[in-house]
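In what follows, a single structure is set out as structure tokens and then discussed.
The values are calculated or read from the model by the stated rules, or taken from the named source; none is laboratory data. As the structure is a computational prediction, the values presented were derived from the model and not from experiment. Cβ atoms come from the backbone with ideal geometry, glycine included; neighbour counts cover every protein chain shown. For the accessible areas, the whole protein counts, side chains as well, though only heavy atoms, and no ligand, DNA or RNA atoms are used. Shrake-Rupley method; radii C 1.70, N 1.55, O 1.52, S 1.80 Å.
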Amino acid sequence: MTDQTAGLGWTAGGVPVSTRFDDPYFSLEDGLAEARHVFLRGNGLPGRFRPGFRIGELGFGTGLNVLAAWRAWLDADLGGPLEVTSFEAWPLTADAMETALAAFPELAPLASELTTAWRAGRRMIETPTLRLTVIVGDARRTVGAWDGQVDAWFLDGFAPARNPELWETALMREVARHTAPGGTAATYSAAGAVRRALTEAGFSVERRAGFGRKRHMTVAHL
Ligand SMILES: C[S@@+](CC[C@H](N)C(=O)[O-])C[C@H]1O[C@@H](n2cnc3c(N)ncnc32)[C@H](O)[C@@H]1O
């Protein structure tokens, strides 16, 4: 698919913005620091990493969160691959991903592996330290049809007011159904509707300090 399909623009600071949803793909302040605060620490990572650890993500976008997790996995040095399954309806082009990820030089070697594979049309990437599958399609359909389970979820749709499809209760129930016992989910959002959907899906929900200008974020335990 092309950038027209994803509907992409850029801020003056080089952050990709969805014109379809009128929202940036990650924090305008520091997307990598946000990924580490919200999605890694929110899920108790890297502390919970163990061999065979599995992550699920709603909204692959530029791949930044996945690269942040892969970097942390490499630093934890547990051996074997981190297993990641990410769900994305409007995949970006390799060029757009590369431009967005260039803002994070410390991820450069990992970003290059990702974008090289992506450019070749691969949506499953297997290296000795990462097994990534990006499932293309509307997550409201694809998560339910998937037969995997994960230990931690990165819930990273656009703002719930603009992208309510990715936060609805039925989808959060599918997220819960695909979470291993004791698993967790984290999101930058502390919106009441998101907290209610996660609670109705069976998670116990906790509010934590958010990243940057966001006062709060949400962590959920199954
Ligand atoms: C905030 S961005 C994700 C950013 C990404 N995690 C990153 O690291 O760059 C939200 C993503 O959700 C995707 N999305 C929105 N609605 C969706 C749906 N119904 N199913 C699957 N993906 C969806 C968008 O295309 C976008 O890539």
Considering residues of segment 182-201 that are open to solvent by less than 30 Å² (accessible area, probe 1.4 Å) and free of Cβ contacts under 8 Å to residues at least 40 places away in the same chain only, the residue nearest to Pro24 (Cα to Cα): Ser189
Filtered residues of segment 1-57 (kept if more than 18 Å from Leu107 (Cβ to Cβ) and charged (D, E, K, R)): Asp3, Arg20, Asp22, Asp23, Arg48, Arg50, Arg54
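Identify all residues within segment 85-117 that are closer than 22 Å to Glu165 by Cα and not charged (D, E, K, R); write none if there are none.
Our first condition is that a residue be closer than 22 Å to Glu165 by Cα; within segment 85-117, this holds for 85-92.
Listed by number, the residues that qualify are Thr85, Ser86, Phe87, Ala89, Trp90, Pro91, Leu92.
Report, by residue number, each residue of segment 69-91 that is over 12 Å from Phe154 (Cα atoms), within 16 Å of the ligand (Cβ to nearest atom) and small (Gly, Ala, Ser). Please lay out each step first, then the result.
From segment 69-91, those over 12 Å from Phe154 (Cα atoms) are 70-83, 88-91; that's our starting set.
So of that shortlist, the ones also within 16 Å of the ligand (Cβ to nearest atom) come out as 70-73, 82, 88-91.
Result: Ala72, Ala89.
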Pair list, Cβ under 6 Å, 6 or more apart: segment 20-44 residue outside any helix (DSSP H, G or I), other residue among the aromatic types (Phe, Trp, Tyr): Phe21/Phe158; Asp23/Phe158
Scan of segment 2-52 for residues that are on the phi > 0 side of the Ramachandran plot and within 10 Å of the ligand (Cβ to nearest atom), ordered by number: Gly7
Qualifying residue in segment 195-205 (condition: of a type in the set (S, T, N, Q) and part of a helix (DSSP H, G or I)): yes
Filtered residue count, segment 53-68, keeping only those that are among the β-branched types (Val, Ile, Thr) and either modelled with pLDDT under 95 or near the ligand (Cβ under 8 Å from one of its atoms) (or both): 2
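Give Gly47, Gly14, Gly9, Gly52 a once-over and let me know the one that is part of a loop (DSSP other than H, G, I, E, B) and under 17 Å from Ala96 (Cα atoms). Break it down into steps so the answer makes sense when it comes.
Working: Gly47 fails: under 17 Å from Ala96 (Cα atoms); Gly9 fails: part of a loop (DSSP other than H, G, I, E, B); Gly52 fails: under 17 Å from Ala96 (Cα atoms).
Selected residue: Gly14, the only one of Gly47, Gly14, Gly9, Gly52 that is part of a loop (DSSP other than H, G, I, E, B) and under 17 Å from Ala96 (Cα atoms).
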